[in-house]
Amino acid sequence: MALLSVIITCYNQGQYLKDAVNSINGGMTSLGLLDKQTLQDIEIIIVNDGSSEKIPETKELRAENVRRIDILQNTGKPNALNVGINEARASTIT
């Protein structure tokens, strides 16, 4: 079980997902290089909230220290976070 679950909802903003993952984990972002995360057991759950544009594949978003990155499909903003929370396995969710 991961120690921390981070849920990101995405609607037609797929070009920012790599920055979002790297801002959590550390690494290069459009704002510059961010320090590496010291927490070793993170999962990132991305909920595609019915985007009409293509979002990156999971393999394009891989990061060190991240146990799992999943992209889930969903329609409708009200349910996007609930879908992510239901999928989370950690005791702490952000």
Notebook entry, point to check: What order, most packed first, do the peptides 5-13, 47-55 have when packing is the mean number of other Cβ atoms within 10 Å of each residue?
Noted result: 5-13, 47-55
Next item on the list: Could you look at the chain and say what percent of its accessible area is carbon and sulfur, using a 1.4 Å probe and all protein chains?
Entry: 53 percent
Next item on the list: Could you order 38, 92 by accessible surface area, starting with the largest, using a probe radius of 1.4 Å?
Entry: 38, 92
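The values are calculated or read from the model by the stated rules, or taken from the named source; none is laboratory data. The model shown is predicted, which means the values in this text are computed figures rather than measured ones. Cβ sites come from the backbone with ideal geometry, for glycine too, and all protein chains shown count toward neighbours. These area figures cover heavy atoms from the full protein model, side chains too; ligands, DNA and RNA do not enter into them. Shrake-Rupley method; radii C 1.70, N 1.55, O 1.52, S 1.80 Å.
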